[in-house]
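Worksheet: the structure to be examined is printed underneath.
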Amino acid sequence: MTNPWLVTLSTVFIWWFSTGAILWRVRRADLAGRGAHQLSVVLGLPLLALGFVYLHRSADDATVQGAHVAFLSALSVWGWFELAFLSGVVAGPNRTQCPPTATMYERFLRATGTILWHEIALLVAMIACTVIVADNENRIGLMTFAILYVARISAKLNLFLGVPRINVQFLPSPLAHLASHFKIARMNFLFPASVTILTFAAGCFMERAISAESDGAFIGHVLMAVLTLLALLEHWFMVLPLPDQKLWTWMLPTAVTERNRARARAARRAKAEELKAKAFQAPIATTVPALPRGRGGK
C-alpha cells in the first residue's frame, strides 16, 4: 500500500481500534475480577513475542512491506506494555492515594512511584528495539516506539503539572489511585513546548517523506508523520473541550451489560439442561413381537 491517504486512514483506524481493544479488555477484566487482569497480561504475551520477532525480521527490509511490518511490530510490543500497565501488573511500588496536602516535590515522588516499574520496562524495551534494528536499514519500528515513548512521557508530565481536561473514567480499579496524582489546571509551562515539538517533528517527517528516494522510505515517514500527529491530537484532547472519550466509551462493557450477558448464559445453560432432562425422561418405544399361534388358532 503506497497511497499516502490510505496509509493515513489505516493508521488512524489502527490507533483507534488498538486503543479501544486494550480499554475493552481491561474493562472486561475489571468487571470479572478474580485475577482476570493477570490472565489478560499472560494471554497477551504472544503479542509481545511476535512483535519482537517480526521487528527483527523486518529490520533489513527497506520495502513498503517492511515499513508496515516494522510499524505493526512496534505497536504490538507497545500494546502489551500498555495492557500490562492498565492491568496493574507492571505499574509501580506506590499504590496509595496522594494526599491533597502534599507538596510539589512529594507529589512528584509519589507519582513516580506509581509508574516506576512501567517506565523501567519501557526503557528496557526501547533499548531492546535499538539493539534489534542496529546497523539495519529499516528503522521504522524503532522510530515508532521512540515516538510513542517520548509522547507518553510528555503526556504524563502534563497530567502531573496540570491540564484542563483529564479522562479518569478509563482508569481501571488497579490504577484508581492514579487519579489523585493528576492535577486540573488551566495550563502549565510544559504544554506549549510539548505541542510545538510534536508539530515540528511531524513537519520533519512530512519533509522526509516528500524527499524520500524509495517507496519504503516514503511510506515509513508517512507512518511516522501520522503517528506524531495523533500524539499531538492526544495532547490537545487534554486542553480542548472535545468529547474525545466518546470515541471509545460506547464500546466498553458496563456492569449492566455484563449482568445481562451472565443472565443470558445462565438461561441458555438452564434451557440445555431442561432439554437434556426431557430427552432422558422420554418413553422408549418398544415393539413386542407377536407369539406364533399353535394349531387350531391356539
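Computed values, structure above
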read-out: Any hit, the stretch 138-148, residues being closer than 21 Å to HIS68 by Cβ, in a loop (DSSP other than H, G, I, E, B) and either of a type in the set (Phe, Trp, Tyr) or modelled with pLDDT under 95 (or both); value: yes
read-out: Subset of the stretch 54-73 (residues that are within 17 Å of ILE219 (Cβ to Cβ), in a helix (DSSP H, G or I) and either touching an Asp or Glu at 6+ places or on another chain (Cβ under 6 Å) or basic (Lys, Arg) (or both)); value: VAL64
read-out: Failed item, numbered, when ARG95 is tested on (1) without any contact (Cβ under 8 Å) to a residue 40 or more places away in the chain; (2) surrounded by fewer than 17 Cβ atoms within 10 Å (Cβ to Cβ); value: (1)
read-out: Condition check for THR130: under 19 Å from GLY88 (Cβ atoms) and in a helix (DSSP H, G or I); value: no
read-out: Filter pass, TRP80 being surrounded by fewer than 17 Cβ atoms within 10 Å (Cβ to Cβ), over 14 Å from PHE160 (Cβ atoms), at pLDDT 95 or above and not small (Gly, Ala, Ser); value: no
read-out: Conditions (1) farther than 30 Å from LEU178 by Cα; (2) among the small types (Gly, Ala, Ser); (3) under 13 Å from the mean Cα position of the chain (by Cα): number failed by SER10; value: (3)
read-out: ARG110 under 25 Å from VAL42 (Cα atoms) and either in contact (Cβ under 8 Å) with a residue 12 or more places away in the chain or in contact with a Leu (Cβ under 8 Å, 6 or more places away or on another chain) (or both); value: no
read-out: Single residue of SER87, SER73 found to be crowded, with 20+ Cβ neighbours inside 10 Å and either among the aromatic types (Phe, Trp, Tyr) or more than 30 Å from LYS183 (Cβ to Cβ) (or both); value: SER73
read-out: Residue identified as crowded, with 17+ Cβ neighbours inside 10 Å, closer than 20 Å to ALA231 by Cβ and more than 24 Å from the chain's Cα centre (by Cα) among PHE182, PHE205, PHE218; value: PHE205
read-out: Residues located in the stretch 102-111, provided they are surrounded by fewer than 16 Cβ atoms within 10 Å (Cβ to Cβ) and either in a helix (DSSP H, G or I) or of a type in the set (Lys, Arg) (or both); value: MET104, TYR105, GLU106, PHE108, LEU109
read-out: Single residue of ALA176, ALA155, ALA128, ALA151 found to be in contact (Cβ under 8 Å) with a residue 60 or more places away in the chain, of a type in the set (A, V, I, L, M), under 29 Å from PRO253 (Cα atoms) and surrounded by fewer than 20 Cβ atoms within 10 Å (Cβ to Cβ); value: ALA155
read-out: Selection from the stretch 185-202 of residues that are assigned to a loop (DSSP other than H, G, I, E, B) and either among the hydroxyl-bearing types (Ser, Thr, Tyr) or surrounded by fewer than 16 Cβ atoms within 10 Å (Cβ to Cβ) (or both); value: ALA185, ARG186, MET187, PHE189
read-out: All positions within the stretch 31-65 that are in contact (Cβ under 8 Å) with a residue 60 or more places away in the chain and surrounded by 22 or more Cβ atoms within 10 Å (Cβ to Cβ); value: HIS37, LEU55, SER58, ALA59
read-out: ILE166 vs. criteria in contact (Cβ under 8 Å) with a residue 40 or more places away in the chain, under 14 Å from THR228 (Cα atoms) and in contact with a helix residue (DSSP H, G or I) (Cβ under 7 Å, 6 or more places away or on another chain); value: no
read-out: Helices (runs of 4 or more DSSP H) within the stretch 211-298 that include 1 or more residues aromatic (Phe, Trp, Tyr) and modelled with pLDDT under 85; value: 255-281
read-out: Subset of the stretch 74-100 that is outside any loop (DSSP other than H, G, I, E, B) and among the aliphatic types (A, V, I, L, M) - its residue that is nearest to LEU48 (Cα to Cα); value: VAL77
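The values are calculated or read from the model by the stated rules, or taken from the named source; none is laboratory data. Small disclaimer: the values here were computed from a predicted structure and weren't measured. Cβ: placed from backbone, ideal geometry, glycine included. Neighbour counts: every protein chain shown.
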